[in-house]
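The values are calculated or read from the model by the stated rules, or taken from the named source; none is laboratory data. The structure displayed is predicted, hence computed values, not measured ones. Methodologically, a virtual Cβ is constructed for each residue, glycine included, from the backbone with ideal geometry; neighbour enumeration extends over all protein chains shown.
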Amino acid sequence: MLVAGVDVGNATTEVALARLIPGREPEHLSVTRGPTTGAKGTAESAQGVLDLIERASRRLGEQPHRILLADLHPVETGLRELSADDTHDLGGVGIARPVSATPSGVGAAAGQLIDLEDLMGEPLGLPVVPIVGPIDYDDAAAQLNAARAVGWNIVALVVTGDDGVLIGNRVDGSLPIIDEVADAATLPRGAWAAVEVAPLGGAVTQLADPLRLAVLLSLDPQRARGARNAARALVGHRAAIAVRREASGGGSTREAARMATLRDGSTVAIDIGTRPPGLGDVIAVDGVDATLLDAFWTALPRTEDNAALALQLHQRRAVGLAVLAERGDTGLERALAERSDAEVIVAAAETAAAVAGASTTPGAGHAPIVIDIGGGTVDLHVELAGGTRAVAAAGAGVLVDRICGALLGIDPLRAERAKQLPSVHVETPFILRHEDGGRTFLTHPAPAHTVAHLCVSERREGSLDPLTADLAPELWGRLRRAAKRDVIAGNLRRAIDAVGGLPPGELAILVGGCAEDAEVVDEVSLELTDLDLAIARGNVLGQHGPRAAVAVGLVLLHARGA
Amino acid sequence: MSPPTVVLASDDAEVIRAVAAAFEEEAVPLSVVAPISARAAALRSPLGIGIALHDGALAIALSTGPDVPYVIGDDPRRMGRFAARLAARRPLGVTA
């Protein structure tokens, strides 16, 4: 009889085909893998299963008689930036942070915003900050010099185009000039404004300090306190402008975090300052319409390498959340039964299947501890003399994807690659700098759009995917590993606590898609050093690596029970 | 001692003004020579970067690697910015 062991994961579906003959060991014929279609366990996810079975069956010229499924629990994973919903009253201070890499001059100054054309009249007798529109830099410089000659006190400039240095060189090289201010047209003429340009490699200090900002904008002490949000928003920027507007309170309304309800009836906020409780303690989360088996959340990783970046990450209030829900329907089973001639059987729990599959790793014998790290959950299965325990903790590879995506500002698909692959900085068309500081010298130049960018690097293909995030590869590598440590290793610790600990000296086998990632294996090994375990990566059937443990395990368990 | 420069090979005053403006804005030194190929200009550049007319457009060439233009475009200010940023190791702002 031909059977298909099917593991529908949150990200990947795997199918193991095998022939079962009573009294003999199963004959394993193939393992195929593809992306999960739709949400795990739903009718939509049947399509991916049927496609894989069709692909494998075509090679064999035979359809399976039985489809073996695991008892599934879908995981929902998301990341929300609470700060996006916060409202910060800037205390009557408007701000702009030009993106230009080439401002001119150094220092901070404040004056009244006026148009360049207004310099044709009599000097105002107070410091002014002219706004230069899209005109030729020589013409602009001539008008500015003429105005200075008749007594205008020009203390800084705002330039619409990328001409800041050109104008500075023709007027006054020390004058703070910010350029590429796209929304210069909307700046309120007549308002008092402060402009600051930091030295190359530096960041604004006057405008990022609420008291100094208040002095520059002539705000009274009460309004200085209200300017804290504006000052905070300018931290880490090389050039900036702040404009005094109508007075306001300067208060902040923080978006309320979602609440998690625990088994004992108490509640806890899902926020960057709280930690998820023990495995299985959360039974409900605001906005999630399902009975929960577990919930896990974590903030973006912290960095101590760069204070400005650390502050920016903190201010985002980003929380990644994964919830493991009780299944409300049997959509997958019904869809498979309707669309296939095979008999559909729920053969075992996912973790029991993972143990059976992991135990086919050469040299393992019976694997008493199996850690299955997939897209949605970290599953821990323990079969020791004292009994059998199996737990599934919400939050694994997909949650790491979400965090990597939030750190780099990219979509989940690119984030998954950024999670798995090393990064490089393209220093010149011919030199790549790696995360360990090493260099590669190319014989063919890297594409122009990758130069000076952090790039995800596909070693085998040699392709480079440039990212807009301004991070050194060394720092990104540390943040990426921290995300894996926070989610996967942290969650595994919750799972171990839930089963009452693990005996020292035992063998623990890592399986699942994430176990292919050497960094995950390193972080897990580091997290569990106090337990003195022998941690090894699975190699299912001696040929599939840590993949397909559940699919193969379903076949084995079914054969033993058949 | 003269500073390391990118070499622009052109005798077109408008092109020279626009490219030179881009280099001044990026604070990258530029030297101008009589028209030669972009590759030849790159070979003369201590920074290994040359700019010249190529098939009716402007080409940025590198002194090493394959003898083909690295970037081609029509707008001299924009091409000057790309070449200057290439020398300064700043993102060029080009798309794939």
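Which of the residues that make up the stretch A:441-489 are hydroxyl-bearing (Ser, Thr, Tyr) and within 14 Å of chain B (Cβ to nearest Cβ)?
Listed by number, the residues that qualify are A:THR443, A:THR450, A:SER463, A:THR468.
Looking only at residues that are away from every other protein chain (no Cβ under 14 Å) and assigned to a strand (DSSP E or B) in the stretch B:1-22, which one is surrounded by the fewest Cβ atoms within 10 Å (Cβ to Cβ)?
The extreme case among them is B:ALA9.
Identify, by number, the condition in (1) modelled with pLDDT of 90 or more; (2) closer than 30 Å to A:GLY490 by Cβ; (3) part of a helix (DSSP H, G or I) that A:GLY168 doesn't meet.
Every condition holds for A:GLY168 apart from (2).
With a cut-off of at least 3 residues that are aliphatic (A, V, I, L, M) and within 14 Å of chain A (Cβ to nearest Cβ), name the strands (runs of 3 or more DSSP E) lying wholly within the stretch B:23-70.
Those strands (runs of 3 or more DSSP E) span B:57-62.
Considering only the stretch A:270-311, state which residues are out of contact with any Lys or Arg (no Cβ under 8 Å at 6 or more places or on another chain), of a type outside the set (A, V, I, L, M), in contact (Cβ under 8 Å) with a residue 60 or more places away in the chain and surrounded by fewer than 18 Cβ atoms within 10 Å (Cβ to Cβ).
A:ARG302, A:ASN306
Could you tell me which of the residues A:THR291, A:THR274, A:THR267 is within 19 Å of A:VAL487 (Cα to Cα) and out of contact with any Cys (no Cβ under 6 Å at 6 or more places or on another chain)?
Just one listed residue meets the conditions, A:THR274.
Assuming A:ALA182 fulfils every condition listed in (1) in contact with a Ser or Thr (Cβ under 8 Å, 6 or more places away or on another chain); (2) at pLDDT 85 or above; (3) among the aliphatic types (A, V, I, L, M) apart from one, which condition is it?
Looking at each condition in turn, A:ALA182 falls short on (2).
Kindly check whether there is at least one residue in the stretch A:423-430 that is more than 14 Å from every other protein chain (Cβ to nearest Cβ) and touching a Gly at 6+ places or on another chain (Cβ under 9 Å).
Yes, that holds for at least one residue.
For residues that are within 12 Å of another protein chain (Cβ to nearest Cβ) and over 10 Å from the mean Cα position of the chain (by Cα), tally how many sit in the stretch B:71-82.
Number of matching residues: 4.
Do any helices (runs of 4 or more DSSP H) entirely within the stretch A:195-243 hold 1 or more residues that are aliphatic (A, V, I, L, M) and within 23 Å of A:ALA182 (Cβ to Cβ), and if so, which?
The helices (runs of 4 or more DSSP H) meeting that bar are A:210-216, A:228-233.
On the basis of being within 14 Å of chain B (Cβ to nearest Cβ) and either more than 21 Å from A:ALA318 (Cα to Cα) or touching a Phe, Trp or Tyr at 6+ places or on another chain (Cβ under 7 Å) (or both), does A:HIS434 make the cut?
no
Report the residue count in the stretch A:143-153 for those that are surrounded by fewer than 21 Cβ atoms within 10 Å (Cβ to Cβ) and under 18 Å from A:GLY105 (Cα atoms).
3
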